[in-house]
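The values are calculated or read from the model by the stated rules, or taken from the named source; none is laboratory data. Source: prediction; values computed, not measured. Using ideal geometry, Cβ is built from the backbone for each residue, glycine included, and neighbour counts are taken over all protein chains shown. Side chains are part of the model used for accessible areas, which takes the heavy atoms of the whole protein and leaves out ligands, DNA and RNA. Shrake-Rupley method; radii C 1.70, N 1.55, O 1.52, S 1.80 Å.
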Amino acid sequence: MFYRYAAYKGFDTTKRAALSGYQDAAALQKQYAYQAAAAAENAGALSDAARLYTLAEDYQDARAKAEGCSDQYFSAAYETAKQAMAKADYKTAVEALAPISQEYFTAKYADIPEMYQEACYQYANALYADKQPFEALKYYRLIPDYKDVTSKRLKRTVYEIMGTWETSKGVRMEFREDGTCAIDGREYYYSASVYALNLGDRPEELSLAYSIVSNSEKKLTLQHVKQKTYYRMTRVTE
């Protein structure tokens, strides 16, 4: 039976068209979907089984099977996430929903994608507010099209300066997504706000090192706080 599941997992309009020449094509499609769903269920692929049983529509007990497989697959994570969201425990909600397949949902669980995105969004915002911008970035990256993530949240200075920059005299600065950086060959930890770039040898011990004079997608100008030296840099594109 597993071969039927593997074959039907990618069932698309091409395969439907291949069956359309038969007078009983619709019935054959439902039967084929049901058989593949049963194989998927036996293989433990419950999300796929629910999707395939749904495609089988009114064939035998397909609708009940679809709901049953869906409950087995989604219900525990769903209830955990719902309770966590009610308590504003966004970390738990994210962790509960992260392993869930995003390919198919029955109507009962149709709000999982929105719940997951909102949990990621709120958890990222909380991490950023807790001065953990690099941890927050991991979750913003998961939902780039959600709300104002790309238009606002990822426009913060600490994210915009990430990358490699170079002056006309060859001085290089590289700011990485893990919170480390290289300034003219020396390694540091860093953080950044609108006007300040803080550096240090340890992430918990950062101090103001440069003023951020201006920054854009391709240009970055810094002034060394003590030396008063300006560094007018252009983004390096590999």
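Key figures for this structure:
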read-out: Carbon plus sulfur fraction of accessible area for the chain, probe 1.4 Å, in percent; value: 50
read-out: Angle between the chain longest axis and helix 112-129 axis [Cα atoms, degrees, rounded to 10]; value: 20
read-out: Accessible area (Å², per residue) of the chain, counting only protein heavy atoms and a probe of 1.4 Å; value: 56
read-out: Cα-centred dipole magnitude for the chain, charges only on beta-carbon of K, R (+1) and D, E (-1), debye, nearest 20; value: 960
read-out: Cross-link pairs K91/K152; K108/K155; K65/K147 - those with Cα-Cα distance over 31 Å; value: K108/K155; K65/K147
read-out: Aspartates and glutamates with Cα under 19 Å of K228, excluding same-chain neighbours fewer than 8 positions away; value: E166, D184
read-out: Calculated volume of the Cα convex hull per residue in Å³ (choose from (1) 176; (2) 161; (3) 121), label; value: (1)
read-out: Helical contribution to [θ] at 222 nm, DSSP H n ≥ 4, -39,500 (n - 2.57), averaged over the chain, rounded to 500; value: -14000 deg cm²/dmol
read-out: Furthest towards positive pole of dipole, L208, Y146, T167, structure part the chain, Cβ charges; value: T167
read-out: Residue among A96, L137, Y121 farthest towards the positive dipole end of region 87-150, charges placed on Cβ; value: L137
read-out: Net lengthening on full extension, D130/H224 (0.36 nm per residue, minus Cα-Cα); value: 31.2 nm
read-out: Sorted peptide list for 145-155, 190-200, criterion being average Cβ within 10 angstrom, highest first; value: 190-200, 145-155
